[in-house]
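Below: one structure, written as C-alpha cells.
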Amino acid sequence: MTNSQTPAEPLARQAFPVTAGDINIWHARLLADQQVTYVLEFARPLAVDRLRQALAVLNQALPLLGCVVQVSGRRLAWVPLAGGAPLLNVAQAEFEWPGAMARFISQPANPEREPPLKLFLLRRPERDTLAIKVDHMLTDAAGLKFILGLLSEAYSTGSIHSAINPDRGFGQLLRRFSLPALLGAARQASLPRPARVLAAGPFQTGGIFIEHACLEPEAFARLHAAAKGRGATINDAILAAVYRAVFHRLDAGAEAYPLMVPVDLRRYLPETRRGVVGNLSSALYPLLAPWPNETTDSLLARVQDVLEPMKKGNPGLGAMLLMAVGALWGGEIMRRRYEQAAASDRRFINVTNFGVIGREQAAFEGAPVSEAYGVGPEQNAPGILLALSTYAGTLHFVIQSSDRDHFQPFVRGFLRDVLDGLSCLSG
C-alpha cells in the first residue's frame, strides 16, 4: 500500500473555527478512535486517474478537507495544510483483501497531522473496493454520505453543482426555534446513563476487529411488512431486537438499561440547506428494564411506548443545547465527563442508523456499485456502536471494537441475537 500524498505542516494563515459538535467529538477520543467509513464494492474497476481528479474537485469545493486541528490552550481551530488534500491510497490485493480493508478502516486518526478525509482503493481482478473514511471531528455519518455523493458527482461529471451549506454550527438550528421552545427542550433533555457491562472483563485496548452481518432483501422486506402490521417502524423493530439481545444477558428485575439513538438535526433545516459537512447530530436515550418471560410483541410495544414521547416535539434539540453549553471554555465540561466515562467500567450501547445509501450517492459513471455499507467509529471494549445502513434492499449491521480474544466472541454472539430477534418479529 502506498500513499499518493504525505501529510504536510500546517500553514500560518486563515483558520476555520470548530463547532460545539466538533469539540464534543474531540473530547470523545478519550473513549475511542473517532472515524466513520463507507465501503463500496464495485462490479467493475474504477478509473484511478478519474478518481484522483474527482478528489481534487472535491477538495476545492470543501477547503476543510485540506485542514488539520491546531490546539492552542483550550482553543481548537481547523488550519490549512501546506499542499494539504485528502489522502488516496491504492493497493493491489488478490489474496487477503478483507484483512487489508479492515486494517485501513481501523488505522487510528491523527487529526493534528493528517487531513480528515482518506480513501483506500483496493484493486482486484475485474473489480474494486473503495473505502471512504472521515475523521468524525469534521463530520458525522450524514455528512460523510453527503461527501460520498459529491465525490460520485465529481467523478461522473468532472464538477460539483450540488448545493453545499458552509455553515457547520448549531446556531443555524437554534435560530429556527422560539425561546420558549428552546427552554422546554432543555428541560426535557435526556443525558446518557452508563449501564452495567454485559460481558465479563478485563478487556484489552488493542486488537481492533470488525463484525459485519446482513439482512438480505427478502428477509428485510418481511421485517418491513411485519413492523408495519404492528404499527411500528423499522427503527422500532431494530431497537426491540437490540433490547432482546441485551435482556438475554440480564436478570429479570435488573435496572433499566439505556440505549443511545442518534438524531440527525439536519431535519430542522430547509432541504436546500441540509448539505452540511459537520457534526449536526444529537441523541435520544431510551430506558427499558427486563421483564420475565416477555413476548416479542410485548417488548416491541414497550419500545414504542418509550420512544413515542421522545419523537414528539423536537427530538434531539434538548441534548444539542446541553452539548452547546458543554462546549464552552474549550469544552472543559465535556472533557471532565468523558474522563469520568473512560475511567468507569460502565458503558451504553449506541444504535446508529446511517440510513439508506441512495443509488444516486454511489453513482460512479461506468462502475456500478454492487454493495455499500457504513462502519461506525471504533469503541474500546466493552463499548458497542452498532452501525446500521441500507443499500439495494440489504440491511447491514456493523460493529467495530477492540480485544479480539475476549470481546469479539461476545460481539459476534450479540449480533447473532439481534438478528434472531428480528427473525422472531418477521416470523
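Residue-wise test of (1) outside any strand (DSSP E or B); (2) touching a strand residue (DSSP E or B) at 6+ places or on another chain (Cβ under 9 Å); (3) over 26 Å from residue 144 (Cβ atoms).
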{"position": "324", "(1), (2), (3)": "yes, no, no"}
{"position": "340", "(1), (2), (3)": "yes, no, yes"}
{"position": "355", "(1), (2), (3)": "no, yes, no"}
{"position": "414", "(1), (2), (3)": "yes, yes, no"}
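If a residue has to be touching a strand residue (DSSP E or B) at 6+ places or on another chain (Cβ under 6 Å) and free of Cβ contacts under 8 Å to residues at least 40 places away in the same chain to count, how many in region 121-162 make the cut? Looking only at that region, the number is 1. For region 82-91, a residue qualifies if it is surrounded by fewer than 19 Cβ atoms within 10 Å (Cβ to Cβ) and either over 30 Å from residue 125 (Cα atoms) or outside the structural domain of residue 48 (by TED's automatic domain parsing) (or both), and the qualifying residues are 82, 83. Taking every residue in region 231-245 that is assigned by TED's automatic domain parsing to the domain that holds residue 292 and under 16 Å from residue 396 (Cβ atoms) and pairing it with any residue that is surrounded by fewer than 24 Cβ atoms within 10 Å (Cβ to Cβ) and basic (Lys, Arg), at least 6 positions away or on another chain, yields no pair with a Cβ-Cβ distance below 7 Å. Inclusion of residue 168 among residues that are over 28 Å from residue 110 (Cα atoms) and of a type in the set (D, E, K, R) is not warranted.
Mind checking which residues of region 242-256 are in a loop (DSSP other than H, G, I, E, B), among the charged types (D, E, K, R) and surrounded by 14 or more Cβ atoms within 10 Å (Cβ to Cβ)? Before the answer, list the steps.
Of the residues in region 242-256, the ones in a loop (DSSP other than H, G, I, E, B) are 248-256.
If we keep only those that are among the charged types (D, E, K, R) too, we end up with 249, 251, 255.
Across region 242-256, the qualifying residue is only 249.
Which of the residues that make up region 175-196 are under 19 Å from residue 258 (Cβ atoms) and assigned to a loop (DSSP other than H, G, I, E, B)? Please lay out each step first, then the result.
First, the residues of region 175-196 that are under 19 Å from residue 258 (Cβ atoms): 188-196.
Those that are under 19 Å from residue 258 (Cβ atoms) and assigned to a loop (DSSP other than H, G, I, E, B): 189, 190, 191, 192, 193, 194, 196.
Whether any residue in region 137-144 is part of a strand (DSSP E or B) and over 11 Å from residue 275 (Cα atoms) is what I want to check. No, region 137-144 has no match at all.
Within region 284-312, track down each residue that is in a helix (DSSP H, G or I), charged (D, E, K, R) and closer than 15 Å to residue 256 by Cβ. Show your work before the answer.
Kept after step one, since they are in a helix (DSSP H, G or I), are these residues of region 284-312: 296-311.
Now drop any that are not charged (D, E, K, R), which leaves 297, 302, 305, 308, 311.
Hits for region 284-312 are 302, 305.
Of 108, 115, all but one fail to be under 16 Å from residue 208 (Cβ atoms) and assigned to a loop (DSSP other than H, G, I, E, B); the exception is 108. From the residues in region 248-267 that are among the acidic types (Asp, Glu) and over 17 Å from residue 321 (Cβ atoms), which one is farthest from the chain's Cα centre (by Cα)? Looking at the filtered set, the residue picked out is 251. Applying the condition of being within 20 Å of residue 234 (Cα to Cα) and of a type in the set (Asp, Glu) to region 377-421 and asking which residue is surrounded by the fewest Cβ atoms within 10 Å (Cβ to Cβ) yields 420. Quick check, is residue 370 crowded, with 19+ Cβ neighbours inside 10 Å and within 22 Å of the chain's Cα centre (by Cα)? Answer is no for this residue.
Yes or no, residue by residue, for (1) over 29 Å from residue 205 (Cβ atoms); (2) in the same structural domain as residue 65 (by TED's automatic domain parsing):
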position: 98; (1), (2): no, yes
position: 104; (1), (2): no, yes
position: 110; (1), (2): no, yes
position: 115; (1), (2): no, yes
position: 126; (1), (2): yes, yes
position: 141; (1), (2): no, yes
position: 162; (1), (2): yes, no
position: 167; (1), (2): yes, no
position: 171; (1), (2): yes, no
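For first residues located in region 279-294 and at positive phi, partners that are surrounded by fewer than 19 Cβ atoms within 10 Å (Cβ to Cβ) and not charged (D, E, K, R) and lie 6+ apart or on another chain with Cβ distances below 9 Å form the pairs 293/252. Here residue 383 meets the list (1) assigned by TED's automatic domain parsing to the domain that holds residue 238; (2) out of contact with any Leu (no Cβ under 9 Å at 6 or more places or on another chain) almost entirely, failing just condition (2).
The values are calculated or read from the model by the stated rules, or taken from the named source; none is laboratory data. None of these values were measured; they are calculated from a predicted model. Reconstructed Cβ throughout: ideal geometry from the backbone, glycine too, with neighbour counts over all protein chains shown.
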